[in-house]
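Peer 1: Have a look at this one.
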Amino acid sequence: MSLVRKIVMLLGMTAIIPFLVSLYLLVGSPDARFSEKKVIIIITSVVVSLGILSLINLIRYLSRISACLATLSKGNIQEKIEIPAAPEGSQFSDSINQITHNLRASADELERRSLLIERSNAELKRMGEIKLQFYSEAAHELRTPLINIEKASGLLMDENMKVPVQEQKRFMASIHENSVRLTRLINNMLEISKMDAGRIILKRAPVSVPSVIDEAVRSIERWRQTKNLTLKVQIASGLPDVYADKDRIVQVVINLISNSIKFTQGGGHIIVHAEPFKPSGWLADAGETQEFILINVSDTGSGMSDDQQAHLFERYSSQDSKESALPNTGLGLPIVQQIIQMHGGTIWVESKLGKGSIFSFILPIRDPDEGSETKKI
């Protein structure tokens, strides 16, 4: 039994004594008459009894407060504290509850921030691992064409070897293809560094969509022919110009067609399509009054899983492929996405594993009378 309970019981027993004295004076006296002395004793007994009872309540009240403070000292701030013994107790409990409420709010906020920090650390760790993997792959991609160039050029420079003319042409073609491969890889890495530094400049002007697609298709024509792929271009008649940086949009279309060639087996089909577009559904936020041009590149290639699509536009993320005529650095599509976003457009993908993919993006139509515009991001 606690000390406080012993004191309360002792005071309770003490409070009975004045009450019994008063009762005796009232009914136990032979003459049963009130005298001033009896009245004083009775009043004093009642006052003492009430005082002792009040003291009991006060001790209980302080005991409850002590228990509440002990609870708080142990770090339990979830329990609601109630002390209904007196109005002052209610006010005190309200104050304590307000304090614990604030502590709970602070604890919840700390927990929320802790979770955010934990998630951020996990994401940073994941990105660090992806970057390490990227650096390893980039080093391999740089090393492979360099070795090919070194071997081919070494054979051509060897005076003791009589290399036939056809073989010489083949070696020269290998040197050229590997040089292009190196240049593309380095350009992608430089492009990413420029974007990170905010040094990408858009030189906008009215641009013909058919001319963009034609230039992109011609640039990869030789590669397409080597894989025996069919490429069709479908452009809606009377298509208005887009207000864009032509070189950047050509870069985007080349990248998308290159991906289709890369992941489509020989004999497959690729279609480049362009038409006017009015945003609706989840794309409605792209612009309620603005008109857009839709350009998409579809293929009958290997397609992608849902997980691959979820990470498709992340830097240093790449699709696995046994066949690759381009550096597999995972930088191409993030660059494409950022270029489209810089133009005020949106890019997305629809794909099923083994069924092919459709990459689509929209560009806003601007008034040609607005003149040229240079935008730096």
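The values are calculated or read from the model by the stated rules, or taken from the named source; none is laboratory data. No experiment lies behind these values; they were computed from the predicted model shown. Every residue, glycine as well, gets a Cβ built from its backbone with ideal geometry; the counts of neighbours run over all protein chains shown. These area figures cover heavy atoms from the full protein model, side chains too; ligands, DNA and RNA do not enter into them. Shrake-Rupley method; radii C 1.70, N 1.55, O 1.52, S 1.80 Å.
Peer 1: List pairs: first in region 342-359 and on the phi > 0 side of the Ramachandran plot, second among the aliphatic types (A, V, I, L, M) and in a strand (DSSP E or B), Cβ under 8 Å, 6+ apart or cross-chain?
Peer 2: Pairs found: G344/L363.
Peer 1: Name the single residue that is most open to solvent (accessible area, probe 1.4 Å) among those in region 206-216 being in contact with a helix residue (DSSP H, G or I) (Cβ under 7 Å, 6 or more places away or on another chain) and either assigned to a helix (DSSP H, G or I) or aliphatic (A, V, I, L, M) (or both). Write out each step before concluding.
Peer 2: The initial filter retains those residues of region 206-216 that are in contact with a helix residue (DSSP H, G or I) (Cβ under 7 Å, 6 or more places away or on another chain), namely 206-207, 212-213, 215-216.
So of that shortlist, the ones also either assigned to a helix (DSSP H, G or I) or aliphatic (A, V, I, L, M) (or both) come out as 207, 212-213, 215-216.
Numbers: V207: 8, V212: 3, I213: 2, E215: 65, A216: 0 Å².
Looking at residues that are in contact with a helix residue (DSSP H, G or I) (Cβ under 7 Å, 6 or more places away or on another chain) and either assigned to a helix (DSSP H, G or I) or aliphatic (A, V, I, L, M) (or both), I get E215.
Peer 1: Go through region 240-271 and report how many residues are under 22 Å from H343 (Cα atoms) and out of contact with any strand residue (DSSP E or B) (no Cβ under 6 Å at 6 or more places or on another chain).
Peer 2: So in region 240-271, the residues under 22 Å from H343 (Cα atoms) come out as 240-259.
Then keep just the ones that are out of contact with any strand residue (DSSP E or B) (no Cβ under 6 Å at 6 or more places or on another chain); that gives 240, 247-255, 258-259.
Residues flagged as under 22 Å from H343 (Cα atoms) and out of contact with any strand residue (DSSP E or B) (no Cβ under 6 Å at 6 or more places or on another chain) within region 240-271 amount to 12.
Peer 1: Also, quick follow-up: Using the structure shown, decide if S193 is surrounded by 14 or more Cβ atoms within 10 Å (Cβ to Cβ), of a type outside the set (V, I, T) and out of contact with any Asp or Glu (no Cβ under 9 Å at 6 or more places or on another chain). Quick ask: steps written out before the conclusion?
Peer 2: Details: surrounded by 14 or more Cβ atoms within 10 Å (Cβ to Cβ): no; of a type outside the set (V, I, T): yes; out of contact with any Asp or Glu (no Cβ under 9 Å at 6 or more places or on another chain): yes.
In short, no.
Peer 1: Let me ask another. Mind telling me which of the residues V217, V212, V233 ends up being in contact with a strand residue (DSSP E or B) (Cβ under 6 Å, 6 or more places away or on another chain) and at pLDDT 90 or above? Give the steps one after another, and end with the answer.
Peer 2: Working: V217 fails: in contact with a strand residue (DSSP E or B) (Cβ under 6 Å, 6 or more places away or on another chain); V212 fails: in contact with a strand residue (DSSP E or B) (Cβ under 6 Å, 6 or more places away or on another chain).
None of the others qualify; the one that does is V233.
For every residue, the table says whether it meets (1) in contact with a Ser or Thr (Cβ under 9 Å, 6 or more places away or on another chain); (2) surrounded by 19 or more Cβ atoms within 10 Å (Cβ to Cβ); (3) modelled with pLDDT of 60 or more.
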| residue | (1), (2), (3) |
| --- | --- |
| D299 | yes, yes, yes |
| M304 | yes, yes, yes |
| F313 | no, no, yes |
| S318 | yes, yes, no |
| G330 | yes, yes, no |
| P334 | yes, yes, yes |
| I340 | yes, yes, yes |
| L363 | no, yes, yes |
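Peer 1: Something else now. Given the condition open to solvent by less than 80 Å² (accessible area, probe 1.4 Å) and either within 30 Å of G332 (Cα to Cα) or at pLDDT 70 or above (or both), answer yes or no: does some residue in region 79-98 qualify?
Peer 2: yes
Peer 1: Within region 139-187, take every residue that is outside any helix (DSSP H, G or I) and in contact with a helix residue (DSSP H, G or I) (Cβ under 7 Å, 6 or more places away or on another chain) and give me the one that is least open to solvent (accessible area, probe 1.4 Å). If you could, list the steps in order and put the result at the bottom.
Peer 2: Here is the first cut: in region 139-187, the ones outside any helix (DSSP H, G or I) are 158-164.
So of that shortlist, the ones also in contact with a helix residue (DSSP H, G or I) (Cβ under 7 Å, 6 or more places away or on another chain) come out as 161, 163.
Details: M161: 92, V163: 25 Å².
Applying the filter and picking the extreme gives V163.
Peer 1: I've got another one for you. Do we have any residue at all in region 250-266 that's assigned to a loop (DSSP other than H, G, I, E, B), modelled with pLDDT of 85 or more and open to solvent by 40 Å² or more (accessible area, probe 1.4 Å)? Step through it out loud before you land on a result.
Peer 2: Initially, region 250-266 is screened for residues assigned to a loop (DSSP other than H, G, I, E, B), giving 263-266.
Narrowing the set further to residues that are modelled with pLDDT of 85 or more leaves 263-266.
Among the residues that remain, those that are also open to solvent by 40 Å² or more (accessible area, probe 1.4 Å) are: 265-266.
There is at least one residue in region 250-266 that is assigned to a loop (DSSP other than H, G, I, E, B), modelled with pLDDT of 85 or more and open to solvent by 40 Å² or more (accessible area, probe 1.4 Å).
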